[in-house]
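Taking it in order: structure first as structure tokens, then the write-up.
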Amino acid sequence: MLECGMAALTFARISRGLSLVGRLGLDWLIPPQCLACRGEVAAASGLCVACWSRLAFIEAPFCERLAIPFPYDQGEGAVSAAALADPPSWDRARAALLFDDAAQGLAHALKYGDRHEAGLLMARLMLRAGTDILRSTDGVIPVPLHRFRLWRRRYNQSAILARRISKDAGRAFCPGLLRRSRATRSQTGLNHDERRRNVSNAFIVPEDSHPLVAGKSFVLIDDVRTTGATLQACTRALKEAGAARVDVLTFALVHKPKQLHI
Ligand SMILES: [Zn+2]
């Protein structure tokens, strides 16, 4: 029995050694790249020191409704003048980072670069930013892609993030509760009003899902919040189906309204 145990231990050590040699060999052939800038890094699935140091984390104090950082603490649940002047349809918002080149590099690695390991890092940062809203939610819903775009892109980056976040937060993953009712053109290059019109009534809760939505609270997940038009349209669809509360959690938040080239 002991011999069998020793043999297993030796085998495990050899396997680990071979796996390390294999990994080192692969790293020598294809050096691991930074997820954001593609510079060389020591280990795969990470960011280089320069990109890490450039990430602009959103830390308290911030606006409860829009997640915009405040210059000084205004007390728990404080709401910005922007949210009071034009209240969003959702209840609370959280975002991990302010949108900048480093955040864009990471978001694009997942969205256009097929680098799903970027999603793991993004989801970890989002989980940290959304801890309080995830604690009180009944389910996590990704912003859906229209089936034609899903077919072309092969995956929905918001669904990748939402699946991971729901798993790690121990909350239900509910992608089927919200659908795109029509295809919309990309929001890239559109101004605030054009974005709002583009996604107006573009989302529905299927009739047979209304009983699953009524009276429940949800966290909507997207990679980047620019003007918030898409998340507003999603929230409206869920609230029309009877949702009691809808909060939004994004990886990055575009704080300067003119930054619409996303
Ligand atoms: Zn980098």
Open item on the list: At 1.4 Å probe radius, can you tell me the per residue accessible area of the range 189-235 in Å²?
Closed with: 41
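Cβ under 12 Å from Leu178's Cβ, Leu178 left aside: what net charge do those residues give with Lys, Arg +1 and Asp, Glu -1? Could the numbers behind the result be given before it?
Working: positive: Arg179, Arg180, Arg236, Lys239; negative: Asp222, Glu240.
Overall, the nearby charge balance is +2.
Using a probe of 1.4 angstrom, how much of the accessible area of the range 145-262 is carbon and sulfur, in percent?
Details: 3020 of 5990 Å².
C and S atoms contribute 50 percent here.
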Task: Candidate aspartates and glutamates - alpha carbon under 19 Å from Lys216, same-chain residues fewer than 8 apart omitted - done: Asp91, Asp132, Asp138, Glu207, Asp208, Glu240, Asp247
Task: Surface accessible to a 1.4 Å probe, per residue, for the residues of the range 75-150, Å² - done: 42
Task: Inter-label distance for Ala81 and Ser136, nm, one decimal - labels placed 7 Å from Cα along Cα-to-Cβ - done: 2.8
TODO: Obtain the nm distance between the two label points defined at Ser181 and Glu40 by a simple spin-label model: each point lies 7 Å from its Cα along the Cα-to-C-beta direction.
DONE: 5.5
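The values are calculated or read from the model by the stated rules, or taken from the named source; none is laboratory data. Keep in mind that this is a model prediction, so the values were computed, not measured. Note that each Cβ is placed from the backbone with ideal geometry, even for glycine, and that neighbours are counted across all protein chains shown. When the accessible area is computed, the model is the full protein with side chains, heavy atoms only, and any ligands, DNA or RNA have been set aside. Shrake-Rupley method; radii C 1.70, N 1.55, O 1.52, S 1.80 Å.
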